[in-house]
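Rule-based calculations on the coordinates, nothing more; no lab input. Quantities reported herein were computed from a predicted structural model and do not represent experimental measurements. Backbone-built Cβ (ideal geometry, glycine too); neighbour counts: all protein chains shown.
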Amino acid sequence: MSIPQLITLLAMLLHVAGILAAMHAVMNTRTPQGAFAWALGLALLPYVTLIPYLYLGRSRFHGYVTLHRAHRQRLSQASLRSELSGVPDACMQYAALTQMLGNSFHAGQQLRLLINGDATFEAIFSAIAQAERCILIQFFIFHDDELGRRMQQALLERAAAGVQVFALFDGIGSHALPKHYVETLRQGGVAIFPFATQRYSNRFQLNFRNHRKVVVVDGWLGFVGGLNVGNEYLGLKPPLAPWRDTHLQIDGPAVLDLQRSFAVDWHWVTGELPPLLPPRPAQGDAYTLIAATGPADPQESCSLYFTTAINAACKRLWLTTPYFVPDQAVMSALRLAVMRGVDVRILIPARPDHRTVFLASTLHAYDAINAGIRIYRYQPGFIHQKVILVDDDTASIGSMNLDNRSFRLNFEISALNVDRRFAEDVERMLMDDFGRAVEVTRDEYRQSPYLRRLAMHVARLFDPIL
């Protein structure tokens with residue numbers, strides 16, 4: 001067979017494979033827009049789209065879904081209703097979230113706002129050093145750098161003291177983590193594993209990442225937020241430095257739900273359950289709902305989490321996100337909030353860490369400005385925090401980005417807190433952040449060169465996988 005014949009045969013095989021993959025995409029992709037985009041690309045340009053589809057196209061997995069839903073079914077609806085009956089009226093506007101999540105608000109939290117990486121890891125390391133029984137620790141990213149090695153040493157010291165230590169990291173998020181880092185922890189008595197939705201590794205699967213950041217010490221002190229374990233989160237790696245991020249410390253009954261979220265992920269990976277220790281009695285004033293969302297949920301729970309929070313706003317909605325790629329539901333909720341007279345402000349980065357997402361975000365920002373939403377770009381460095389402030393009493397802090405990966409492809413976790421004093425702390429933090437930002441106008445898009453504007457529109461075509 002001649003070389004031209006081989007090339008022709010290969011092209012035919014690629015087109016057949018592309019058509020088969022397009023049929024798979026039509027049957028399995030979560031959204032009509034995503035299905036259409038994949039099907040069109042696979043059918044017409046299989047040379048370009050077939051390999052990306054192997055990594056990004058799969059949208060279903062079964063084992064984790066079964067386990068996850070079975071865990072939720074064990075929650076008693078009667079118990080949920082009885083807890084809801086004791087929630088103040090200010091929380092009732094979020095009652096739909098409790099039904100969707102199979103979870104409830106817990107009264108009596110003591111909350112501490114951790115405004116940056118230094119404050120966050122100082123608090124986490126202090127808590128770990130005082131651990132007596134058990135440490136649960138989960139991050140999307142662990143790096144083998146100064147902060148990562150400090151974390152490694154802290155966990156080894158507690159394991160040597162007889163404390164049970166359970167650690168999870170995401171296999172793709174921590175792809176650069178060397179094996180010797182993990183082996184050193186295991187040899188020192190730390191139980192540590194990578195998370196994946198399939199127990200057998202699939203090198204063609206980049207979706208369904210576990211983006212959660214959870215630390216629980218002795219069952220009563222918990223941490224959740226946007227920071228990972230790496231020097232860049234302390235602002236030590238230009239060009240994105242200084243890094244702006246936020247975490248939350250929780251002391252109270254809601255920490256039990258952080259443990260449960262970790263336990264479901266741990267059981268899937270190992271087939272075993274870590275200890276579930278009782279939290280301390282309620283000593284604070286805040287009501288907290290732990291929202292653990294992900295693609296295993298029957299509903300698109302992360303998108304609905306944002307939508308519910310936006311719809312609850314009567315006077316103010318301030319939101320910070322590193323990636324502003326809203327879906328139609330969230331964008332419609334934001335538009336309606338403006339029409340209700342709500343002060344809607346969104347803080348996004350001025351510097352890109354992912355250029356395609358940054359371009360798409362810029363176009364979405366232009367659309368938002370046209371809808372009356374005020375958009376600001378944070379100037380000193382990269383802003384990575386995921387914070388929502390609703391009116392004068394509600395603040396959310398967690399790992400959820402405002403993009404399709406968080407909405408539909410990643411496992412996320414956030415704490416929704418109803419407490420005026422804590423909301424005031426968040427307001428002061430965000431006032432400082434907005435004070436370091438520049439408000440965006442329509443001119444950012446209009447005065448961009450034509451090719452850059454074209455790149456923005458092309459980037460937005462990839463919204464379903466951004």
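Rounded to two decimals, the Cα-based Rg/Rh of the chain, with Kirkwood Rh, is 0.98. Dipole of the chain (Lys/Arg Cβ +1, Asp/Glu Cβ -1, origin at the Cα centre): which of VAL215, TYR445, LEU97 lies farthest to the positive side? Of the candidates, TYR445 comes out farthest on the positive side.
Panel order for TRP38, TRP268, by other beta carbons found within 10 Å of each beta carbon, from fewest to most: TRP268, TRP38. Overall form of segment 203-333: rounded. Here a/c, set by the Cα gyration tensor axes a ≥ b ≥ c, is under 1.5. Under 17 Å from a point 7 Å along the Cα-to-Cβ line of ASP118: which residues of segment 361-385 have their amide N that close? Taking a point 7 Å out along Cα→Cβ of ASP118, the residues of segment 361-385 whose backbone N falls under 17 Å are 380-382.
For ARG340 and ALA160, compute 0.36 nm times the residue count separating them, minus their Cα-Cα distance, and round to one decimal in nm. Separation in residues times 0.36 nm, less the Cα-Cα distance, equals 59.1 nm. Here each label is just a point 7 Å from Cα along the line to Cβ, and for ALA371 and ARG421 those points are 3.6 nm apart.
When each of the peptides 95-105, 312-322, 394-404 is scored by the mean number of other C-beta atoms lying within 10 Å of its residues, the order from highest to lowest reads 394-404, 312-322, 95-105. Rounded to the nearest 20, the Cβ-based charge dipole of segment 301-465 about its Cα centre (Lys and Arg +1, Asp and Glu -1) stands at 520 debye.
Taking 0.36 nm per residue of separation and subtracting the current Cα-Cα distance, fully stretching the chain between GLU146 and ASP353 would add 72.4 nm. Placing +1 on each Lys and Arg Cβ and -1 on each Asp and Glu Cβ, with no other charges, gives the chain a dipole about its Cα centre of roughly 1120 debye. Projecting the Cα atoms of ALA337, HIS180, ALA11 onto the dipole axis of the chain, where Lys and Arg carry +1 and Asp and Glu carry -1 at the beta carbon, places ALA11 farthest toward the positive end. Modelled spin labels at LEU13 and HIS175, positioned 7 Å past Cα toward Cβ, are 2.6 nm from each other. Give me the percent relative contact order of the chain, please, defined on Cα pairs under 8 angstrom at least 6 residues apart. So the answer I get is 16 percent. What is the calculated FRET efficiency for TYR450 to ALA329, with r their C-beta to C-beta distance and R₀ = 30 Å, to the nearest 0.05? The calculated FRET efficiency here is 0.45. Descending by average beta-carbon neighbour count within 10 Å, the peptides 408-416, 425-433, 449-457 line up as 408-416, 425-433, 449-457, the highest first.
The label point for MET27 and the one for LYS315, both projected 7 Å from the Cα toward the Cβ, are 5.5 nm apart. Packing around the peptides 144-151, 296-303, 174-181, taken as the average count of other Cβ atoms within 10 Å per residue, puts them in this order, highest first: 296-303, 144-151, 174-181. So which lysines can LYS213 reach, going by Cα to Cα under 22 Å and dropping same-chain residues fewer than 8 places off? Those lysines meeting the cut-off are LYS179, LYS237, LYS386.
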